[in-house]
Amino acid sequence: MRRRYRNRYRQDPVELNITAFMNLMVILVPFLLITAVFSRMTILELNLPTEESVVIEEEPEFALEVIVRMDSIQVGDRNAGVLSQLPVVDGKYDLDGLNNYLKRVKANFPNQLAVTLLLESEVDYEVLVQVMDATRSYRIDEPGEFQRAELFPEISIGDAPVMASAGAN
């Protein structure tokens, strides 16, 4: 009696049938790869000023500065002061005007590659990126082609100086 009991309950191990699961994976993996969104990340190298970079020279050189304020963009020379001011119109910065003005500056100083962007603390990051794009290069319209020409690719970033109030003596 005991033998029958053992023989009846002793069975060979059951094989796991994973064919249906493998079929599902064969379909899902290509589908997920096709529908995946691949993001493109761009890294810009910025040169932050250091103490060693401050050199006192007898004859001041042209040092381009773009100051982004909440109400305007000022383009100037660190030594000569503000050269141009582009006001914000309807809540939008005049980036095309900035780009056009920087083209004229580049024509006068073709060997100049550096620009310093000075921003007020309230300026949005998106505005910073747009101003950086406008100062680095400009678009050349040629028939059937899209090209970019270099303006000032070496960008340094800093805090904008506090504006002196009009009522101060």
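Data for the structure
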item	result
Neighbour-limited loop hits for GluC sites (Glu not before Pro), region 101-150 (at most 14 other Cβ within 10 Å; DSSP other than H, G, I, E, B)	GLU122
Ordering of 94-100, 12-18, 129-135, 42-48 by burial proxy (mean other Cβ atoms within 10 Å per residue, highest first)	129-135, 94-100, 42-48, 12-18
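None of the figures in this text is laboratory data; all of them are computed from the coordinates on show. Being a predicted model, the structure only gives us computed values, none of them experimental. A quick note on method: Cβ atoms are made from the backbone with ideal geometry, for glycine too, and the neighbour counts reach across all protein chains shown.
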